[in-house]
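Comments concern the structure below.
The values are calculated or read from the model by the stated rules, or taken from the named source; none is laboratory data. Nothing here was measured: the structure is a model prediction, and the numbers come from that model. Positions of Cβ are generated from backbone atoms using ideal geometry, with glycine treated the same way; all protein chains shown enter the neighbour counts. The protein model used for the area step is the full one, side chains on, heavy atoms only, and it has no ligands, DNA or RNA in it. Shrake-Rupley method; radii C 1.70, N 1.55, O 1.52, S 1.80 Å.
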Amino acid sequence: MPTQNPYEQYQRNKILTAKPAEITLMLYEGAIKFCNIAIMAIDSNDVEKAYHNIMRTQRIIEEFRNTLDRKYPVSEDFDRIYIYLLQRLYVANIKKDKEILEEVNTHLRSLRDTWKEVMKKCNQA
């Protein structure tokens, strides 16, 4: 059996042992990362790389939508945000529009930062 890269093993263990709130934070970080990669790919005229990373960002946001707990009224607000981001990503992918991706990334960073604050407050309780 081949030996696994220690970094890959660390990353795998980090995910497998993470709490749900930490996984959500990791997903926000991943969406931001993929969006940044797509922006850089557009800058370097790598259409295929941009496409794949926009799609990765979309899949994460779709996962957020699919896992919303609909029993809370605030979930509808998040759903509207996620739908908006998905629509913007769709247009960005068709047009390979870096400005739209930067807008999406601004929203993702805001959502991530809000999530970090929620995590802090929950840990203080």
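The figures follow:
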quantity: Cα-based Kirkwood hydrodynamic radius, the chain, one decimal, Å; calculated: 15.8 Å
quantity: Candidate residues Leu85, Leu111: accessible-area rank, largest first, probe 1.4 Å; calculated: Leu111, Leu85
quantity: Structure-based [θ]222 nm, the chain - -39500 (n - 2.57) summed over DSSP H runs of at least 4, per residue, nearest 500; calculated: -29000 deg cm²/dmol
quantity: Arg88 - accessible surface, heavy atoms, 1.4 Å probe, Å² rounded to 10; calculated: 60 Å²
quantity: Nearest-20 debye value, the chain charge dipole, Cβ charges on Lys, Arg, Asp, Glu; calculated: 300 debye
quantity: Heavy atoms of Met119: accessible area, 1.4 Å probe, square angstrom to 10; calculated: 40 Å²
quantity: Solvent accessible area, Å² - Tyr82, 1.4 Å probe, full protein context; calculated: 10 Å²
quantity: Average accessible surface area per residue within the chain, 1.4 Å rolling probe, Å²; calculated: 69 Å²
quantity: Alpha carbon centroid spacing (whole Å) that separates the range 21-52 from the range 97-125; calculated: 15 Å
quantity: Heavy-atom accessible surface of the chain: percent carbon and sulfur, 1.4 Å; calculated: 55 percent
quantity: Reachable aspartates and glutamates, given that their alpha-carbon falls under 13 Å from the alpha-carbon of Lys71 and they are not under 8 places away in the same chain; calculated: Asp79
quantity: Entries of Lys19/Lys98; Lys19/Lys49; Lys33/Lys98; Lys95/Lys116; Lys96/Lys116 with Cα pairs more than 22 Å apart; calculated: Lys19/Lys98; Lys19/Lys49; Lys95/Lys116; Lys96/Lys116
